[in-house]
Amino acid sequence: MADTKTTKTNSAGVRRRDFLATGAAALAVGITGFPAILRAQAAPVKIGLIHPVSGFIAFSGSQCRAGAEMAIADINAAGGIKSMGGAMIEAMLADSQGKPDIGAAEVTKMTEAGVHGIVAGYSSAISLATSQEAAKTNTPHVVDVGVSDSIVTRGLANTFRFGPGYGKVAEMAVANLDTINKAAGSPAKTAMIVHEESLFGTGTAELLSKQLPGIGIEVVDVIKHANPTRDFTNIALQIKSKKPDLIIPANYYNEYVLLARTLRQQKIEAMGIYSVLGGAASNLQFVNEFPEAAELIMDCNHWYDPKSEVALARRKAAEAKGLVYTYEVFLAYNAVAFLADAIDRAGSTDQDAVNAALASSTWDQHGMPYGPTKMVNGQNEGAQPVNTQVQKGAIEVVYPEQFASAETVFPMKM
Amino acid sequence: MKSTNKLLVLIVVFGLIALAPLLITQESLLNIVIMTLYAALLGQAWNILGGYGGQVSFGHAAYFGTGAYTVAVLQIQFGINPWIGLAVGGFAASAVGAFIGFCTFRYGLRGSYFALVTLAFAEVLRILSNSVDFTGAGVGLLIPLERSAANFQFLTKAGFFWVIWAMTFAAFLTVWKIGNSRFGAQLMAVRDNEDAARALGVDAFRVKMGAIMLSGFFAGLAGVFYAQYFLYLDPYIAYGAAISVESLLVPIIGGMGTLFGPLLGAAALHGLSELSRAVIGDAPGISLVLYGVLLVIMVLFVPRGLAGLSSHLRVGKPATPKTEEGKGHA
Amino acid sequence: MPDSAIIIPSILNGLTTGGLYALVALGLTLIYGVLHIINFAHGALLMLGLYAVYFLNAQFGIDPYVALLIVPPAMFALGYGLQRGIIGRASHGRDENILLVTLGLSIIIENLALFFFRSDTRTVDTPYSFDVIEIFGAFLPYPKVVAFVGALVTAALLWLLMSHTDLGRAIRALAKERKGAQLVGIDADHVFAMSFGLGVACLGVAACLLLPSYYVNPQVGGGFVLIAFTIVVLGGMGSFVGALVGGLIIGVVEAMGGLFLGESLGQLGIFVIFILVLIFRPTGLFGAKA
């Protein structure tokens, strides 16, 4: 394949599209005055970014790509991989179109083109395919978002996940809910779970419905819905008739919008709407478009540490570029930065060395509520979701306390 | 072409394809060959029913998904070796074909009615696989990673190549055989004019049942291959509309009712897709726009499929049978 | 078992949702009934219509219902051009070519939308987005009630057009007997393009009435295509009354399926009905004899 051939020079053999993307960043660096001679000496470090930028999950895929590209631009602007003579990072971009087979094929192409590490896949299904393909050549692979726990439990030595899986998220969601509920005098006694039918919603809902009774919250019903579900009135009616204290959605943005709108139309009142892995309180777009409907909704989801300077600066930079700062952006950003840090510490792009550096990473420049990185079998043990709540049109972290920017308001109807 | 000549060409073509793993050192290129053969298998499966039998199906995912889920479920839930699962998967898909065929042909569904009902059957299977436990419902099924040939998980792409090569070759040989058999003659007679065929004493129902079961079998094999190659299935991957569309796109582009059509179609589609991805930058979706444009251009200028084009150039008359000709716009 | 108190509201809601489905299906049944085209681009064209409504609202503050004056005519022109310029030419008299070309068109349209409009899900905020009308204890969202009425009106207009105008008579003649119609001097290419244009214009109406209670992104059409086909088959291909009644039935079946089987498995009801109708009454409820 002509388009995957590569040479040692900076641009000649690199896939045109990759060059277009990284060329601009490199140019910017050139202008800001890094010594040109330094770049000419160090061969670039190639990081493959495989995301579903077309197809059904294109929005999340493009958000991931944007975050990852920001990370590369920042690292290059700060002098590249220092231990390797300031080697610039070069992005190799690929579109998985939302299909695992295409994602895997792109991994094969990239490894042949000499990629040094891969950040992929957004969806769990694609991450499973890309990581096992990368494992054949032992190419370091960092999963940015895929939350299925099978991604890291297969014993692949090249596969790492910086963010939490859904096992951890469900566990924290239940534990945090318990604390919040008890602090309010345990008003919530029943809950209803509304989840989408694919891997993340189903997996999360199963874990939640097992664990919620343990904290004294009875799950009165679990409603699984299709993607797309064109109308949520039926679901709202069922919620209305069961009158749960808590409504726990786990679904994608489109369905969430319809659900939230329908809950209002059907005049359903609950003590709380508590989304897990998704929801209004971790989605700035929703908060901006439906401020009234979003008010006091709570999520347990990926979110940055609002007390971290690093995190706030990144959000500002992303928003300056016109990006909506969703969790995809910062998770993918961190996946790339985490990989770059490991390459820097390894001092080379040798796969074993980079994998070892990833495994022993204690990196902490992530602006996430994770603490220093601690990898166990490829999973960052410190990674955890936090609880957020929409308060006066802004997303606030309300729990755990050390990261909180506001107090929890619960129950939301007084 | 005479039928023995066709066989000769077939053997030569697959002989040449067999050189691929010897000549190609790049795994990514070999992967394209593998995926092309896989698409050709799927397309040839569709071609048996749609091209030779004239029963256009919009729901071949029903057979593909059944093959894929069978091999995965047997392995995961019962610990049965995937090589056994391969055969079982094929037959299970064939059985689904028999069921759908029985429900539809018995009531004389034809044309777009048949097409739409197959689509609905595939959707029913997708919804069911999304709801029952043994398919893992929405969570899907992950086949444990244990790379060994005995486990149908080859260490190299070459191993997968030989499996898909053999299965696709078998499908093509079968179709060659159909073209020369009494069964095939009856099948094509039913396609060209079902009522006339009946009048001549052809048992149209039986013939169509034979075609749908064979078609289902090979589509099921393609599903088994997919499952073992990528090791993860969920209801959308297995029973989603994308597979149904791919199975009909390949032979229609290549030439319906022709032996080589599915191979030409698979090569053309994968070629188009690789080409548009190589030519276009990474602006989201633009390579797919080009792919769509090329598709429309092909239909505008090569209306009988690629196989029709090649024989048109050679002998000056279309190779595709006069199925839809003369039916006007419909 | 669901609470019996919610069954009536659920049925009423199913009816209004069914009205929306019927709107999408009306265009499809026209195209199918006349041109015998299985139009794979139907969903993509609906998506284009929704974007038109969205941008008219976002850029010029035009209310989606006011956009009814703009979007359907524009969609008509688009449909006429597509049929005349591309689909008709590509058919070469073969069904499978039409299938391929409409598939190709849908890939092109969806990905162009992805490129130009990006993949964000967008919604319009109208003053009545959250309004409801209370009937028999059920809260029916105002936009859906409007859509329901819109479906009735559109079906009636189409029926009038088909039965009382020269164009309608030409379309019906062509649908029934192509060669004969051409012999009596009907310009087939023009009338086919008019029919396709009308079908796409119906999608324009559907888009205006759908967006206030829904959203738009480049993939949004896919969710309506299958259901529209189901309705067309159920009602009888080419029958407007059938599309309307079929839409309402499917809306209620979906609601009841969701209530009694669960929202995910409940989708089964739609397809089971589809299969049963095709097998036992392939001409649909209101279709002419095959």
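Every number here is computed from the coordinates shown, using simple stated rules; none is lab data. This is a predicted model, so every value here is computed, not measured. For neighbour counting, all protein chains shown are included, and Cβ atoms are generated from backbone atoms with ideal geometry for every residue, glycine included.
Entry note, chain A: the mean residue ellipticity at 222 nm calculated from DSSP H runs of n ≥ 4, each adding -39500 (n - 2.57), is -13000 deg cm²/dmol after division by the residues and rounding to the nearest 500. Over every Cα atom in region A:237-347, the radius of gyration and the widest Cα-Cα span, Dmax, amount to 17.4, 62 Å. In this structure, A:Asn288 and A:Glu309 have a Cβ-Cβ separation that, at R0 = 25 Å, corresponds to a calculated FRET efficiency of about 0.55. Give me the tail of P(r) for region B:122-263 as a percent: Cα-Cα pairs with distance above 26 Å. Here the tail beyond 26 Å accounts for 40 percent of pairs. When the Kirkwood hydrodynamic radius is evaluated over all pairs of different C-alpha atoms of region A:133-209, what value in angstrom, to one decimal, is obtained? Kirkwood radius, region A:133-209: 14.6 Å. Our summary gives region A:217-307 a relative contact order of 26 percent, counting only alpha carbon pairs under 8 angstrom and 6 or more residues apart.
Modelled spin labels at C:Phe260 and B:Ala242, positioned 7 Å past Cα toward Cβ, are 3.5 nm from each other. The relative contact order of chain B, computed from alpha carbon pairs under 8 Å that lie at least 6 residues apart in sequence, is 29 percent.
For region C:66-132, a crude dipole built from +1 on the beta carbon of Lys and Arg and -1 on the beta carbon of Asp and Glu, taken about the Cα centre, is about 320 debye to the nearest 20. Based on the Kirkwood approach, the hydrodynamic radius assigned to the protein assembly as shown is 29.7 Å, with every pair of different Cα atoms included. Over chain A, Cα pairs under 8 Å with separation of 6+ residues give a relative contact order of 16 percent. Relative to its Kirkwood radius, the Cα radius of gyration of chain B gives an Rg/Rh of 0.96.
What FRET efficiency would be calculated for the residue pair B:Arg198, B:Val9, taking the C-beta separation as r and a Förster radius of 22 Å, to the nearest 0.05?
Working: r = 34 Å, r/R0 = 1.55.
Step by step, r from the Cβ atoms, then E = 0.05.
Summing Cβ point charges (Lys, Arg +1; Asp, Glu -1) relative to the Cα centre of region B:1-150 gives a dipole of roughly 500 debye. A simple spin-label model places pseudo-atoms 7 Å from Cα toward Cβ; at B:Phe99 and C:Val153 they are separated by 4.7 nm. Using only alpha-carbon positions in region B:35-119, the gyration tensor eigenvalues give semi-axes of 26, 15, 9 Å once each is multiplied by 5 and square-rooted (largest first). Values of log10 I(q)/I(0) for region C:205-248 across q = 0.18, 0.30 Å⁻¹ run -0.60, -1.01, by the Debye formula with one identical scatterer at each alpha carbon and no solvent. Extension gain, C:Ile279 to C:Arg169: 0.36 nm times the residue separation minus the Cα-Cα distance gives 36.5 nm. Relative to the longest principal axis of the Cα atoms of chain A, the long axis of helix A:309-320 lies at roughly 90 degrees. Expressed to the nearest 5 percent, the antiparallel share of DSSP beta bridges inside the protein assembly as shown is 35 percent. In terms of its C-alpha gyration tensor, region C:183-290 has an oblate overall shape, because the principal axis ratio a/c (a ≥ b ≥ c, square roots of the eigenvalues) is not below 1.5 and a/b does not outweigh b/c. The helix-only estimate of mean residue ellipticity at 222 nm for chain C, built from DSSP H runs of length n ≥ 4 each weighted as -39500 (n - 2.57), is -23000 deg cm²/dmol after division by the residue total. If a/c stays under 1.5 just call it rounded; otherwise compare a/b with b/c (prolate if a/b is bigger, oblate if not). Do that for region C:1-81, with a ≥ b ≥ c from the square roots of the Cα gyration tensor eigenvalues. Judged from the Cα gyration tensor, region C:1-81 comes out oblate (a/c at least 1.5, b/c at or above a/b).
Rounded if a/c is under 1.5, else prolate if a/b beats b/c, else oblate: with a ≥ b ≥ c from the C-alpha gyration tensor eigenvalues square-rooted, which is chain A? Note, shape of chain A comes out prolate. Other residues with beta-carbon under 13 Å from the beta-carbon of A:Gly165 carry, at +1 per Lys or Arg and -1 per Asp or Glu, a net charge of -1.
Candidate membrane-span-like segments in chain B, meaning DSSP H helices with Cα atoms spread over at least 27 Å of their own axis and a Kyte-Doolittle mean of -0.5 or above, are B:27-47, B:82-105, B:111-129, B:157-179, B:204-230, with no membrane implied.
So what's the back-of-envelope 222 nm ellipticity for chain B, counting only DSSP H runs of four-plus at -39500 (n - 2.57) apiece and dividing by all residues, rounded to 500?
Result for chain B, helices only: -23500 deg cm²/dmol.
What does the charge count around B:Phe105 come to, taking other residues whose C-beta lies under 12 Å from its C-beta (Lys +1, Arg +1, Asp -1, Glu -1)? Net of charged neighbours comes to +2.
Each Lys or Arg adds one and each Asp or Glu takes one away; over the other residues whose Cβ falls under 13 Å from the Cβ of A:Gly55, this sums to -2.
Simple point charges give the picture: +1 on the Cβ of Lys and Arg, -1 on the Cβ of Asp and Glu, and for the protein assembly as shown a dipole about the Cα centre of about 2920 debye.
Computed from Cα atoms, the angle from the helix A:166-183 axis to the main principal axis of chain A rounds to 40 degrees.
Give me the angle, in degrees from 0 to 90, between the Cα long axis of helix A:199-211 and the longest principal axis of the Cα atoms of chain A, rounded to the nearest 10. Computed tilt is about 50 degrees.
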